[in-house]
Number of protein chains: 2
Amino acid sequence: MRSKHPLSLGFLEGLIGFRLRLAQISLFEDFERALRPFDITPTRFGALVLIEANSGLSQMQLAKTIRLDRSTLVALLDHLEGKGLVKRRPSPTDKRTNELVLTDEGRKLLAKAKRRVQEHEKRLFGKLSASDRAELKRLLEAVSAKKYNNTL
Amino acid sequence: MRSKHPLSLGFLEGLIGFRLRLAQISLFEDFERALRPFDITPTRFGALVLIEANSGLSQMQLAKTIRLDRSTLVALLDHLEGKGLVKRRPSPTDKRTNELVLTDEGRKLLAKAKRRVQEHEKRLFGKLSASDRAELKRLLEAVSAKKYNNTL
DNA sequence: CTAAAAACGTTTGACGACAAACAAAAGCCG
DNA sequence: CGGCTTTTGTTTGTCGTCAAACGTTTTTAG
């Protein structure tokens, strides 16, 4: 006797949010496994990419863009800085803020990581057609584009 | 001087995974806010629905279906049981497992929660057309339908 | 039938995330 | 200018999650 998986999803069956959650779990699982050798998580990867693309940005700017609490970012940057990938440089114009920059080592590691991430995306979304992928991206953007009535 | 949001996303621009992550954050934010009065999170909600739809299921079956570690489920069920919404009932046929069932109170609360969740889904996905919603759901299902090469 | 292997629920430890409180600095406004 | 408010980075506390180890029970092999 082994009534295996097939449970009824009940109310969850119709919920897009539930599917989104499952997809997110699959995503994270594969990403984590693929980037484990680099000790890089999705969040860390996002931070590195953004620092590369916007050298000198502040912690708040970074936090907002990847939608992370600024307090969370502290430990994350401590980690990356501890590994010599990122540097916090006190801003000369605003003594409250730090300018974030990638080190040479950071740039080098990121280059390698990007290739892994590219493979990872292919693995996850490769089963979809190119137009399906574009469509998925478009729809996801629409979802997080927040301008819903904040009348709560 | 206030260089606001507009940061370049760089490499993230093209990644579906990044969009998925952002959408997931938006989802969780709205869900959490909408269901806060009930002290119900997305994960708890999933558990309640699944127990309702598959009364008597085991913890492992539940954990697998919502893709949660079985150790995580322990605390979650402790919480729900503590609030009198769920009951753990030792299985008569397999002394290792518990049969999970909803209490009357659990069923009542879940009914209310479902309505809130329905509103929440409308809020998040209502900006999409019906066909877009169906498409999104289909694509997300395809993503988490794991059967990618496990050659890693 | 019996010994080894697997499954189940639990405990403990680690980690990432948020929220609240804080000090320092910058911005605002009389 | 001079005081209040806001912003920024940090610390501390809490929570949800996974992973590993454990005892009990079931399943499987020989």
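Tabulated results
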quantity	calculated
Helices (runs of 4 or more DSSP H) completely within region B:1-82 that count 2 or more residues being surrounded by fewer than 16 Cβ atoms within 10 Å (Cβ to Cβ), within 12 Å of DNA strand C (Cβ to nearest atom) and at pLDDT below 95	B:16-35
Residue check, A:K95 of a type in the set (D, E, K, R) and away from DNA strand C (no atom under 16 Å from the Cβ)	no
When residues of region A:94-114 are limited to those that are in a helix (DSSP H, G or I) and within 11 Å of chain B (Cβ to nearest Cβ), the one surrounded by the fewest Cβ atoms within 10 Å (Cβ to Cβ)	A:A111
Filter result for the condition that a residue is of a type outside the set (S, T, Y), over 30 Å from A:S129 (Cβ atoms) and within 16 Å of DNA strand D (Cβ to nearest atom), over B:A63, B:A111, B:A53	B:A63
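The values are calculated or read from the model by the stated rules, or taken from the named source; none is laboratory data. Everything numeric in this text was worked out from a predicted model, so none of it was measured. Please note: Cβ atoms are built from the backbone with ideal geometry, for glycine as well, and neighbour counts cover all protein chains shown.
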